[in-house]
Amino acid sequence: MSPQYVSRYEARVDLVRTTLQELSDLDAKTAQDVAVRVVHVLDHLPESIR
C-alpha cells in the first residue's frame, strides 16, 4: 500500500487542530473549525506583518 498524500494545507490545519485540542477542552469538531479559520487568517496576512 502506498502512503496517502497529505497536502501542506491539510498538514498545517492538523497541526493547529492538534495543538488546540492539547491546550484546551475543545471537542474535535470545534478544534477543526477553529484550526481551519486560523490557517485561513495566517494565509491572508500581508507579508509585512508575518
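The values are calculated or read from the model by the stated rules, or taken from the named source; none is laboratory data. As the structure is a computational prediction, the values presented were derived from the model and not from experiment. With ideal geometry, Cβ positions are generated from the backbone for all residues, glycine too; neighbour counts draw on all protein chains shown. Side chains are part of the model used for accessible areas, which takes the heavy atoms of the whole protein and leaves out ligands, DNA and RNA. Shrake-Rupley method; radii C 1.70, N 1.55, O 1.52, S 1.80 Å.
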field: Relative contact order for the chain, counting Cα pairs under 8 Å that sit 6 or more residues apart, in percent
entry: 33 percent
task: With semi-axes √(5λ) of the Cα gyration tensor in Å defined as stated, name the option among (i) 32, 24, 4; (ii) 21, 18, 8; (iii) 49, 4, 4 computed from the structure displayed.
output: (ii)
- prompt: At a 1.4 Å probe, what is the % contribution of carbon and sulfur to the accessible area of the chain?
  reply: 58 percent
statement: Length gained, TYR9-ASP25, 0.36 nm per residue minus C-alpha separation, equals 3.4 nm
- line: Ranked output for segments 5-12, 38-45, 16-23 by mean other Cβ atoms within 10 Å, highest leading, reads 16-23, 38-45, 5-12
Under the Karplus curve 6.51 cos²θ - 1.76 cosθ + 1.60, θ = phi - 60°, whole-Hz ³J(HN,Hα) for segment 19-36, x wherever Gly or Pro sits: 4, 4, 5, 5, 9, 8, 9, 5, 6, 4, 5, 5, 4, 5, 4, 5, 4, 4
